[in-house]
1. Among the aspartates and glutamates, which have Cα under 17 Å from the Cα of Lys162 when same-chain residues fewer than 8 positions away are ignored?
2. Please identify the DSSP H helices in the chain that span no less than 18 Å along the helix axis (Cα) and have a mean Kyte-Doolittle hydropathy of -0.5 or more.
3. How much area per residue is accessible in the stretch 14-176 when the probe is 1.4 Å and only protein heavy atoms are counted (Å²)?
4. What is the calculated FRET efficiency for Gln84 to Phe148, with r their C-beta to C-beta distance and R₀ = 22 Å, to the nearest 0.05?
5. Past 30 Å, Cα to Cα, is the threshold; run Lys71/Lys151; Lys76/Lys156; Lys71/Lys140 against it and keep the listed order.
6. With unit charges on the beta carbon (Lys/Arg positive, Asp/Glu negative), name the residue among Ile152, Pro75, Ile93 whose Cα is farthest towards the positive pole of the charge dipole of the stretch 46-176.
7. Report, to the nearest whole %, how much of the accessible area of the chain belongs to carbon and sulfur atoms, 1.4 Å probe, protein only.
8. How far apart, in nm, are the 7 Å Cα→Cβ label points at Asp123 and Glu168?
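The values are calculated or read from the model by the stated rules, or taken from the named source; none is laboratory data. Quick caveat, the model's predicted, so the values are computed rather than measured. Positions of Cβ are generated from backbone atoms using ideal geometry, with glycine treated the same way; all protein chains shown enter the neighbour counts. Protein only, heavy atoms only, side chains kept; ligands, DNA and RNA dropped before computing areas. Shrake-Rupley method; radii C 1.70, N 1.55, O 1.52, S 1.80 Å.
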Amino acid sequence: MKETRLRIRFFGDPALRSKSIPVKHITEEHRQVLSQMAQLMYDGGGIGLAAAQVGINEDMIVVDIGSGLYKLINPKVTDKSGTQVLEEGCLSIPGICIKVKRADKVLVKAQDEYGKEFEIASDGLLACVLQHEIDHLKGKLVIDYASFWEKIKIKKKLEELKQRIEDEKLPESERKSCQLQL
Ligand code: ZN
């Protein structure tokens, strides 16, 4: 980890498809990355962000659904139940919304930014965001949940998006076209 100024990586960036590794020794650098991630999440109108989305493939996520900021290191789902379907957007794939079926309740174990272990018993939106961000740590994206027909439908959109990202022509409006940005 050498980067000091982080930026959100977009669809097509290899960091989004790489598997993140556990953080063994939590340092001041990790704490700085987590606070920069939180800032980028808020700036983008998001409610969750994974380190992979800023090009750092280490197991770290931030989440805030409006009831306070969580910073999680090495998060793991230890229990889940029920199902829910929400339409999710991703800060790394602007303009694409996908209905994703996930567990309605999840128990997540993690470490805080000082290494202390803690647990979050979540349901509904918070459970959805935690699962979305933990997916990012595995290199998994919302578009992977798209149905066969949805995949055909978004294929062209994704190609155009990739081109616009390469050309750095991403309008601000496009970034916020989905209600939930994670
Ligand atoms: Zn995302």
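1. Those aspartates and glutamates meeting the cut-off are Asp13, Asp144, Glu172, Glu174.
2. Working: long enough: 28-43 (23 Å, -0.84); 124-137 (20 Å, 0.78); 148-166 (27 Å, -1.18).
Within the chain the helices that satisfy the rule are 124-137.
3. Numbers: 8330 Å² over 163 residues.
The answer is 51 Å² per residue.
4. With a Förster radius of 22 Å, E is 0.50.
5. Numbers: Lys71/Lys151 32 Å; Lys76/Lys156 34 Å; Lys71/Lys140 20 Å.
Beyond 30 Å: Lys71/Lys151; Lys76/Lys156.
6. In the stretch 46-176, that residue is Ile152.
7. Reported share for carbon and sulfur atoms: 50 percent.
8. About 4.8 nm separates the two model spin labels.
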